[in-house]
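Every number here is computed from the coordinates shown, using simple stated rules; none is lab data. Bear in mind that the values here come from a model prediction, so they are computed numbers and not experimental data. Glycine gets a Cβ as well: all are built from the backbone with ideal geometry, and neighbour counts include every protein chain shown.
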Amino acid sequence: MLLFGTAGIPLSTKERNTVSGIERIKELGLDAMELEFVHGVNLSPQLAEKVREAKERLGIRLTCHAPYFINLNSAEKPKYEASIKRIMDSARIGSIARVENVTFHAGFYQGGEPEAVYKKIKGGFEKILEGLAKEKIKIRLTPELTGKGSQFGSLEELLRLASELPEVGLCLDISHLHARSGGKYNTLEEFNQVWKQIKKSLGVKGLEDIRIHISGIRYSAKGELEHLNLKDSDFNYNDFIASVKANKVGGIVTCESPNLEGDALMLKKMYTK
Ligand SMILES: [Zn+2]
């Protein structure tokens, strides 16, 4: 089964804090929320405890997004180390709040040969996994399918990473896939192909608990330009919802449209109809 939630605190939350956001998710009839650490890990351990209490009390599922400034392919050691630290910090705080997975954009090619970039970034993941094991932190790493061709994170790269490192999953940003491919991945047949590809790499299990990001999107030949509400975009969300139902896809869908809960509720309604 698929659950639906927002990227960050719903817009209609009266008090702008994470606990109120979780309460608002419940009131709206949604199921999940993504904690946005995109501009920095801004949650204290004390607050993370309160977030955990709220999510457990209300039965809301949590995911998180690590800071944007991450590049596991950086040739500059301080930048590489800072990238590892940003993911580790997100995981540390996230695990106190019982967040299930941490999503991030893993890196940039910066003109590098894709195979070499893959190896370097995989090395970063191994380092993070070692750190998590050492600190006994249980959280899944879910690198995101990125919206531009200049960013590491094609569907093929992420599936390879997830099949080579069993503790790693993926965040299938379906709108990024659409933008990255210059408008492909927008028909029932193309969506079905994605599920088939995931099943082939990760087995049925890979489809049962996946993380999905979705929004309307504007793009150019170079990929993503900006997020839009679904109705203002060319993204074929009707066929997308039909395809997840037909393929029995399970997990959490996080809505990243500017209207956040507006589109999340619309999608949930379509899905449960
Ligand atoms: Zn993202």
Checklist outcome for this item: With -39,500 (n - 2.57) per DSSP H segment of 4 or more residues and division by the full residue count of the chain, the 222 nm estimate, nearest 500 deg cm²/dmol, is -15000 deg cm²/dmol
Item to check | Normalised per residue, the volume of the convex hull around the Cα set of the chain (Å³) | outcome: 119 Å³
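Please state the charge dipole magnitude for region 2-272, taken about the Cα centre, from unit charges on C-beta atoms (+1 on K and R, -1 on D and E), reported in debye and rounded to the nearest 20. Provide the component values of the computation, followed by the final result.
Details: 39 positive and 36 negative charges, 94 e Å.
So the magnitude is around 460 debye.
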Item to check | For region 256-272 and region 206-232, distance of Cα centres in Å | outcome: 13 Å
Checklist entry - Sorted by mean Cβ packing within 10 Å, highest first, what order do the peptides 204-215, 248-259 take? => result 248-259, 204-215
Item to check | Cβ-based charge dipole, region 2-272, positive-most Cα from Tyr219, Ile137, Gly183 | outcome: Ile137
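Are there any trypsin sites (Lys or Arg not before Pro) in region 3-112 that are in a DSSP loop and have at most 13 other Cβ atoms within 10 Å? List them by number. Present the calculation step by step, with values, prior to reporting the outcome.
Values: sites: Lys14, Arg16, Arg24, Lys26, Lys50, Arg52, Lys55, Arg57, Arg61, Lys79, Lys85, Arg86, Arg92, Arg98; in loops: Lys14, Arg16, Arg98.
For trypsin sites (Lys or Arg not before Pro) across region 3-112 that sit outside H, G, I, E and B with at most 13 neighbouring Cβ atoms in 10 Å, the list reads Lys14, Arg16.
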Item to check | Eligible aspartates and glutamates near Lys85 by straight Cα distance, threshold 16 Å, same-chain separation 8 or greater | outcome: Glu76, Glu126, Glu130, Glu135
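At 0.36 nm per residue, and after removing the present C-alpha to C-alpha distance, how many nm does the segment from Leu129 to Ser12 gain when stretched out fully?
38.4 nm
In the structure shown, do any of Lys127/Lys269; Lys138/Lys222; Lys148/Lys245; Lys184/Lys205; Lys50/Lys269 have a Cα-Cα gap over 32 Å, and if so which?
Distance filter (> 32 Å) returns Lys127/Lys269; Lys138/Lys222.
Under the definition of Cα pairs under 8 Å and six or more residues apart, what whole-number percent is the relative contact order of the chain?
Working: 553 pairs, mean separation 51.7, N = 273.
It rounds to 19 percent for the chain.
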Item to check | Segment Gln46-Lys85, extension gain: residue separation times 0.36 nm, minus the distance between their alpha carbons | outcome: 12.0 nm
Item to check | Cross-link reach list, aspartates and glutamates versus Lys200, counting only Cα pairs under 16 Å and skipping chain neighbours closer than eight places | outcome: Glu156, Glu157, Glu164, Glu190, Glu208, Asp209
